[in-house]
1. Using the crude model of +1 on Lys and Arg Cβ and -1 on Asp and Glu Cβ, and no other charge, please compute the dipole size for the stretch 1-92 relative to its Cα centre, in debye to 20.
2. Running a GNM on the chain with Cα contacts under 10 Å, which residue among Ser105, Ser36, Ser24 ends up with the highest mean-square fluctuation?
3. State the percentage of accessible surface on the chain attributable to carbon and sulfur atoms; use a 1.4 Å probe and exclude ligands, DNA and RNA.
4. How much accessible surface area, in Å² rounded to 10, belongs to the heavy atoms of His60 with a 1.4 Å probe?
5. Give, in whole angstrom and from largest to smallest, the semi-axes √(5λ) of the equivalent ellipsoid of the stretch 1-78, with λ running over the eigenvalues of the Cα gyration tensor.
6. Students sometimes get this wrong: rank Lys112, Lys94, Lys22 by accessible area, probe 1.4 Å, all chains present, largest first.
7. Any of Lys112/Lys139; Lys22/Lys139; Lys22/Lys111 with alpha carbons more than 18 Å apart? Name them for me.
8. Express the accessible area of the stretch 43-146 per residue in Å², computed with a 1.4 Å probe while the remaining protein chains stay in the model.
Amino acid sequence: MGQDTDTAAQELAVRVGAHMMKVSPVLHHWGIELASIAPGAVTMTMAIRDDMANLHRQCHGGVLFTMADACFGFASNSYNERTVAASCDIRYLKPAEIGDTVTASAVEVWKKGRSGLYDVTITNQDGEKVAIMRGHSRKTSGAHVD
């Protein structure tokens, strides 16, 4: 790929990310912010609040899964091709505590035809791994932006 193609792909990913942030109310509800986006790669952040706690007073796994799923979704849709999750598998490695700030980073592992694989790693503010997720995407039809 030439530099012009890379620049155009990056600009498109940024436009898609901005559009997806606008139309994703769950992200605003949990305070999930888009830190960076590139074709096939996304980073998001979230501060863990009291209303995210489980019965152990740690971040509920469903909240972390939502963040990982969103990060995977943005990465797989970053080419402006509507893509959905076919499957996701998450492993919780360490609790995220109330007051932590967590970062999710998704990277494309493989993409061919209508399918893709993405790995998402969630870390806390100390760089400790909190969870890892692998998502399998499936391209549907249509685009997010013109």
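The values are calculated or read from the model by the stated rules, or taken from the named source; none is laboratory data. Source: prediction; values computed, not measured. Please note: Cβ atoms are built from the backbone with ideal geometry, for glycine as well, and neighbour counts cover all protein chains shown. When the accessible area is computed, the model is the full protein with side chains, heavy atoms only, and any ligands, DNA or RNA have been set aside. Shrake-Rupley method; radii C 1.70, N 1.55, O 1.52, S 1.80 Å.
1. So the dipole magnitude of the stretch 1-92 works out to roughly 240 debye.
2. Result: Ser24 has the largest fluctuation of those listed.
3. Ligands and nucleic acids excluded, carbon and sulfur reach 53 percent.
4. Accessible area of His60: about 90 Å².
5. Semi-axes, largest first: 30, 11, 9 Å.
6. Greatest to least solvent exposure: Lys22, Lys112, Lys94.
7. Result: Lys22/Lys139; Lys22/Lys111 exceed 18 Å.
8. With all protein chains present, the stretch 43-146 gives 49 Å² per residue.
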